[in-house]
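Remarks on the structure that follows.
The values are calculated or read from the model by the stated rules, or taken from the named source; none is laboratory data. Keep in mind that this is a model prediction, so the values were computed, not measured. Heads up: the accessible areas ignore ligands, DNA and RNA and are worked out on the full protein's heavy atoms, side chains in. Shrake-Rupley method; radii C 1.70, N 1.55, O 1.52, S 1.80 Å.
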Amino acid sequence: MLFAIIVLTYFLTIQQISYYVDLRSEKYFQYFVVLLSFIILDLLRVYCQAYFPDIPNYKEVFDETPSIYNFIKGGYGIEYFDNVVELGFSFFISFFKNFSNSYSLFLFLISVIELVCFYYFCRKFQINLVNAIPIYFAFTFVTFQIGMLRQALAFCFFLFALININKKALFFILIIIGVALHTSILFCLLFFWVDRYVNRKIFYAIFLLSLLLYLFQIDLIGTYLPILQLGDSIRTAKVGYYLNVDRPNSFLGIGFWERIVSFILLNVIYSKLSFYNKITKFNNIIYNLGIVVILLQMIFFSSPTITSRLRYYIVIFPALFISEYIFSDIEDDFKWIYQLLFSLYLYMYLFLLATYLIE
């Protein structure tokens, strides 16, 4: 826990330094920061993965999966790969094992892939990396990115799909490819519209409806989900698992008020950016996804579908939208107060995730 807090403090410090030193002009300093950041993240990854409960399970899968060479030489069929993990992940292991049988190196490679994909996404969406990394770290790194290997790799395909969202066919293709790594990415097919400029009154209306559903604890999902059963297939069972994870719902707890405040902030910021003609196709997508994750968490209040694993696909977007505004657009004497409050918010979120990891 202390290690994670120190790392977040480091990234927030780099964020502040970047506003006094142009890292892009100071190339040697920039390279040093990138290298040091990568080393720190990897040290924390190794430390956390020693405690994350899924990592030993993945090692069993890794050890039992043959390389592609041995797979072909042994005359195995596709049926050799059981349904413990998705077929795409099994083939990814097989391909890797043509070069090495080191599980540690395999985990390192996955971490590198995830970091590179997130960096590429930030570049394409014109997101300041020093603003994005603290959020990526506090919201997803110590659980999602280092422990949920298949879903984290699938998340990379979602990021690529968002980059190509103006090409709908390619968007859908990338999501479908991601299914080979983790079935839950099918959830992201719902976001094909997020490049549109939506009338915010629609969001307000849905928010008020979701607020009523939440306050009166009307469980639409539990009521109507049985009608939507897709059969008894293994894939359906896996999707059903995420719909039925037993997690307590903290009614009117800190999560509820976080969503209320986040929804208000997102719309206030959007209005201000719109007034100054600063809404772009990129921050509009981030705003839409930020609104969606808030609305879904309100509507799915009684179901862990959003509050557990599926929300990780879009959980960073409200914070990305707010952070970009606070650190890049605000120019007044109170900016440091907003920055401090947002940093404290990241510490709080990291504390909750680290507590989950320890448990």
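Once all protein chains are placed together, E331 keeps about 150 Å² accessible to a 1.4 angstrom probe. Residues I17, I165, ordered by accessible area of protein heavy atoms at a 1.4 angstrom probe radius and largest first, appear as I17, I165. For F108, the solvent-accessible surface with a 1.4 Å probe is about 70 Å², rounded to the nearest 10. The HN-Hα couplings worked out from phi for segment 176-186 by the Karplus form 6.51 cos²θ - 1.76 cosθ + 1.60 (θ = phi - 60°) are 5, 4, x, 4, 5, 9, 7, 4, 4, 5, 3 Hz, whole numbers, x standing for Gly and Pro. Rolled with a 1.4 Å probe across the full set of protein chains, the surface gives L310 an accessible area near 20 Å².
From the Cα gyration tensor of segment 98-146, with a ≥ b ≥ c the square roots of its eigenvalues, which class applies: rounded if a/c is under 1.5, or else prolate if a/b is larger than b/c, or else oblate?
Working: a/c = 4.17, a/b = 1.84, b/c = 2.26.
Oblate, because a/c is 1.5 or more while a/b does not exceed b/c.
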